[in-house]
Every structure is written in structure tokens, then in C-alpha cells.
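Worksheet for the structure shown next.
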Amino acid sequence: MLHDLLGIFFPKLCIGCNRTLLKNEEYICSSCNYHLPVTNYHLLKNNPLEKTFWGRVQIENAFSFLFFKKGNITQHLLHELKYKGNKELGIFLGNIYGEKLQKHIGDIDCVVSIPLHKSKLKKRGYNQSDFFASGLSSQLKLEDLSAFIYKTKANETQTKKSRYERWENVEQIFELSNKEIFKNKHVLLVDDVITTGATIEACAQTLANVTNCKVSVASIAITAL
């Protein structure tokens, strides 16, 4: 009864179209869910995301859930997760994408989210990628080792930088607090959105320096490459 009354006075709205959600809908309505701009990269060998890392860093597989462009539903979802404190949305997206990836992840052992620098983490209060990683690890039944990687400096925003400037901005800014735990592991490295892949490349290179550590990649979204 209380739940129904709350629904009348404080209806839950679809993040994509702002329509009132039905009882069986979460975060986005059935129509928006049906029209999500999915990449289906998990079904494509040598997909465009994988190709961006060729000649840069060894990546076993690379997956991204949605295409991102200005004004589309993906932007609304990321804004809700990143700036409006909707952490549960990250877990929800991780669970959905994890279900899609179940038959395609191969021998992956663990999940690691790209860390924020402690100053940005303190300002924002949370790392949005942690919650996507949590949903993935739960759905895929993989250990979450995100706590063992950290960012050593607060680099500048990447938004208006060129590909080379993005790489310079993130070069050698990640460290591992326990290298032994990553030995002989295949890590699924997780981020919210990939643009040029510079941040992923830098973090993957840090992991690749560990004995027999392999890296695959997954993100909520990818911009046009």
C-alpha cells in the first residue's frame, strides 16, 4: 500500500524519455530498453574497439555495451550515474551487460575498475566505474580486485585533448598495491566510457607488466572511433 502511494506522489521516471515507469520496469522503460544503441561487440571478433588497441597495448578482448553520442539515451544514463549519485544504476547496467557477456568472456579471472584519484574520489564521493564493475562481477561470478589498483596523480580532464595529449595526460599514473595478486590472472578492466582508449591503455600497460597477466576490456559505452 505504501509503495503504491509513493508511486502516485513520487513516480519513478524513465531516464531516457521521462515517462512514468511501470512496476516491472527499472530505470528505463521497455521502449527505451528496446531501442538502446547496443554495439554487440561481444559478438564480433576484431571489433572496432579491439582494433583501437592494436600496436598500442596487448588486449585479449574488448567489449562495450552501448554507443555514446551527444543527446542520446546513453548520455542520459551516464550523466545519471556519474553526476546524480545513482550508483544502483551502475550495478543494474553491469548486471545486464554481464548476462550478455557470460558466453563470451573466456578464461577471465577477475574484474578491475579504472580508479579515480583520491582527490576526485573525495569530491565526487564515489567512482561510477566501481558500480558497473560490481554488477559485472556479480553476474559473471568473478572476483572484484579493484581495491588493488590506484591512481598516483590527478590528471587534467581529457575532454578537449587530442589523442596524443590524452596519452601524455595519463602516462604512468596507475600503480598496483599488490602485484602478486595479479600474477597469472586474466583481468577484465572496466571503465564507464571509452573515447580514444588512452586511459585504458595506460592502466592495461601497468597490469601487463605483471608476470603472465592478461587484460581484456569492458565499458558501459564507447564514443565514435
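The values are calculated or read from the model by the stated rules, or taken from the named source; none is laboratory data. These figures come from a predicted structure and were not determined experimentally. FYI the Cβ positions are ideal-geometry reconstructions off the backbone, even for glycines, and counts take in every protein chain you see.
Filtering segment 4-24 for residues that are of a type in the set (Asp, Glu) and either more than 20 Å from Gly135 (Cβ to Cβ) or touching a residue at least 24 places away in the same chain (Cβ under 8 Å) (or both) leaves a non-empty set. Of all residues in segment 125-140, those being farther than 12 Å from Leu93 by Cα and surrounded by fewer than 18 Cβ atoms within 10 Å (Cβ to Cβ) number 2. Contact map, segment 112-141: residues that are in contact (Cβ under 8 Å) with a residue 24 or more places away in the chain paired with residues that are aromatic (Phe, Trp, Tyr), Cβ distance under 6 Å, separation 6+ or inter-chain. Pairs shown: Pro115/Tyr150. So which residues in segment 86-124 are loosely packed, with under 13 Cβ neighbours inside 10 Å and either among the hydroxyl-bearing types (Ser, Thr, Tyr) or not assigned by TED's automatic domain parsing to the domain that holds Gln75 (or both), if there are any at all? If the condition is that a residue be loosely packed, with under 13 Cβ neighbours inside 10 Å and either among the hydroxyl-bearing types (Ser, Thr, Tyr) or not assigned by TED's automatic domain parsing to the domain that holds Gln75 (or both), then Ser119 is the only one that fits. Checking Glu88, Glu50 one by one, the residue that is under 19 Å from the mean Cα position of the chain (by Cα), closer than 30 Å to Asp109 by Cα and touching a residue at least 40 places away in the same chain (Cβ under 8 Å) is Glu88 and no other. Here Lys23 does not fit the description of being assigned to a loop (DSSP other than H, G, I, E, B), modelled with pLDDT under 95, in the same structural domain as Cys213 (by TED's automatic domain parsing) and basic (Lys, Arg).
Yes/no per residue for (1) buried (at least 16 other Cβ atoms within 10 Å of the Cβ); (2) within 22 Å of Leu81 (Cβ to Cβ); (3) aromatic (Phe, Trp, Tyr); (4) touching a helix residue (DSSP H, G or I) at 6+ places or on another chain (Cβ under 6 Å):
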{"site": "Glu180", "(1), (2), (3), (4)": "no, no, no, no"}
{"site": "Lys185", "(1), (2), (3), (4)": "yes, no, no, no"}
{"site": "Val190", "(1), (2), (3), (4)": "yes, yes, no, yes"}
{"site": "Val215", "(1), (2), (3), (4)": "yes, no, no, yes"}
{"site": "Ala218", "(1), (2), (3), (4)": "yes, yes, no, no"}
{"site": "Ala224", "(1), (2), (3), (4)": "no, yes, no, no"}
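Residues in segment 177-225 that are of a type outside the set (A, V, I, L, M, F, W, C) and in a helix (DSSP H, G or I): Glu180, Thr199, Glu201, Gln205, Thr206. Annotation: Ser113 fulfils all but one of (1) over 13 Å from the mean Cα position of the chain (by Cα); (2) closer than 24 Å to Lys185 by Cβ; (3) among the polar types (S, T, N, Q); the unmet one is (1).
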